[in-house]
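Here the structure is laid out as structure tokens; the discussion comes afterwards.
The values are calculated or read from the model by the stated rules, or taken from the named source; none is laboratory data. Note that the coordinates shown come from a computational prediction; the quantities given were computed from them, not determined experimentally. So basically every Cβ, Gly included, is an ideal-geometry build from the backbone, and we count neighbours across all protein chains shown. Side chains included, ligands, DNA and RNA excluded: accessible areas come from the protein's heavy atoms. Shrake-Rupley method; radii C 1.70, N 1.55, O 1.52, S 1.80 Å.
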Amino acid sequence: MTTPSDLPYHLGCPVWACPGWIGTLFNSTDRKKWLAEYSSVFNTVEGNSTFYGLPSPETVKRWGESVHDGFQFCLKFPRAISHEKRLLECGETDAFIELLEILDRNGTLGPSFLQLPPTFGASEFEALADYLRDLPATFPWSVEVRHEDWFDKGQNESALDGLLRELNIDRTLFDSRPLFSRPPTDESERESQRRKPKSPHRTTVTGARPMLRLVGRNQIDEATPWVEEWAPVIAEWISSGKKPFIFAHAPDDTFAPDFARRIHEELQKQVELPQLPAGSAEKESSRQATLF
């Protein structure tokens, strides 16, 4: 039986707890069981909650003990570090790293990603460089930039990519083209278009774990052209020995697992991959069907 640990790359969603997944991904209505059920299908998740505040060490320990083999958490740096203090004199970093050490000890630590605010431009390059150089080199890191300076295809972008390559830190690749490809069809798409940036997309690789955050549509087929564009790129990363982290976003999180499966299906056309496991509710439905 295929398990998520059999995959040569990491695939996941922006959250692991979505009530809309009950009856498909989840068989239980008990939120305490959702992380384990989620990790039976996907082998990574974006830990966006840490952007707003840090959980207790006991909570993080429980997370690491709840997931299946091969699962890795990609926690987001707290906004106090990235947005409020803008990487300067950040005592919060020590507390964040202490939580990462818990995940590292039980083998569930993936790349933690530093999402810089849209106003953080090339004039603050030295602050970024100093901050990244102070991070533990033994942990995996990824950086997402949003200011137009970093997409100049010139001096600023070259300096950023050079710094990340020097430190073996990955550049988080963000692609919202599918989301903005047509007008919104519901409130969740309207809100997503209001909140998500239109950053130029890149395929730049600066480390061993390329991270892609692809923002689709609630009608997942509407994102097909971009999934088809990315599939050979991801397949090349896998074939070259890298370990990509791919996150499937939908305006309504209810559709994120389906979008992730769509990405995996397209990848299967490029590289030999096993099928993704069925969700708990899907397995139960199949089991019940065999009884009659």
*Single residue of the range 31-52 satisfying the filter (out of contact with any strand residue (DSSP E or B) (no Cβ under 8 Å at 6 or more places or on another chain) and touching a residue at least 60 places away in the same chain (Cβ under 8 Å)) that is surrounded by the most Cβ atoms within 10 Å (Cβ to Cβ)*: V41
*Collect the residues in the range 138-184 that are aliphatic (A, V, I, L, M), in a strand (DSSP E or B) and more than 18 Å from L87 (Cβ to Cβ), keeping them in residue-number order.*
L173
*Which number in (1) at pLDDT 95 or above; (2) open to solvent by less than 30 Å² (accessible area, probe 1.4 Å) marks the one condition that K269 misses?*
(2)
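Can you tell me which residue is nearest to the chain's Cα centre (by Cα) among those in the range 7-24 that are over 19 Å from Q275 (Cα atoms) and surrounded by fewer than 21 Cβ atoms within 10 Å (Cβ to Cβ)?
Let us first name the residues in the range 7-24 that are over 19 Å from Q275 (Cα atoms), namely 14-23.
Next cut, surrounded by fewer than 21 Cβ atoms within 10 Å (Cβ to Cβ) only: 14-15, 17-20, 22-23.
Details: P14: 6, V15: 9, A17: 15, C18: 16, P19: 20, G20: 19, I22: 22, G23: 24 Å.
For the range 7-24, the residue satisfying everything is P14.
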*State whether one or more residues within the range 26-48 are assigned to a helix (DSSP H, G or I) and touching a Lys or Arg at 6+ places or on another chain (Cβ under 8 Å).*
yes
*Only one of T206, T224 is more than 16 Å from the chain's Cα centre (by Cα), over 18 Å from E46 (Cβ atoms), among the β-branched types (V, I, T) and in a loop (DSSP other than H, G, I, E, B); which?*
T206
*Considering only residues of the range 243-264 that are in contact with an Asp or Glu (Cβ under 9 Å, 6 or more places away or on another chain) and in a loop (DSSP other than H, G, I, E, B), which is least open to solvent (accessible area, probe 1.4 Å)?*
A250
*Here are some conditions: (1) open to solvent by 10 Å² or more (accessible area, probe 1.4 Å); (2) hydroxyl-bearing (S, T, Y); (3) within 24 Å of P14 (Cα to Cα). S112 meets all but one. Which one does it not meet?*
(1)
*Does K198 qualify as being in a loop (DSSP other than H, G, I, E, B) and closer than 30 Å to L132 by Cα?*
yes
*When the range 148-164 is examined, which residues are found to be open to solvent by 40 Å² or more (accessible area, probe 1.4 Å) and within 21 Å of K198 (Cα to Cα)?*
E148, D149, D152, K153, N156, S158
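Do you know which residues across the range 53-67 are open to solvent by 90 Å² or more (accessible area, probe 1.4 Å) and in contact (Cβ under 8 Å) with a residue 12 or more places away in the chain?
Taking the range 53-67 and keeping what is open to solvent by 90 Å² or more (accessible area, probe 1.4 Å), we get 58, 61-62, 65.
Answer for the range 53-67, where residues must be open to solvent by 90 Å² or more (accessible area, probe 1.4 Å) and in contact (Cβ under 8 Å) with a residue 12 or more places away in the chain: K61, E65.
Out of curiosity, is D104 open to solvent by 60 Å² or more (accessible area, probe 1.4 Å), among the acidic types (D, E), more than 23 Å from S39 (Cα to Cα) and assigned to a helix (DSSP H, G or I)?
On the way: open to solvent by 60 Å² or more (accessible area, probe 1.4 Å): yes; among the acidic types (D, E): yes; more than 23 Å from S39 (Cα to Cα): no; assigned to a helix (DSSP H, G or I): yes.
So D104 does not fit the description; no.
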*asked:* Which condition from (1) open to solvent by less than 30 Å² (accessible area, probe 1.4 Å); (2) closer than 30 Å to G121 by Cβ; (3) out of contact with any Gly (no Cβ under 9 Å at 6 or more places or on another chain) is the one that L88 breaks?
replied: (1)
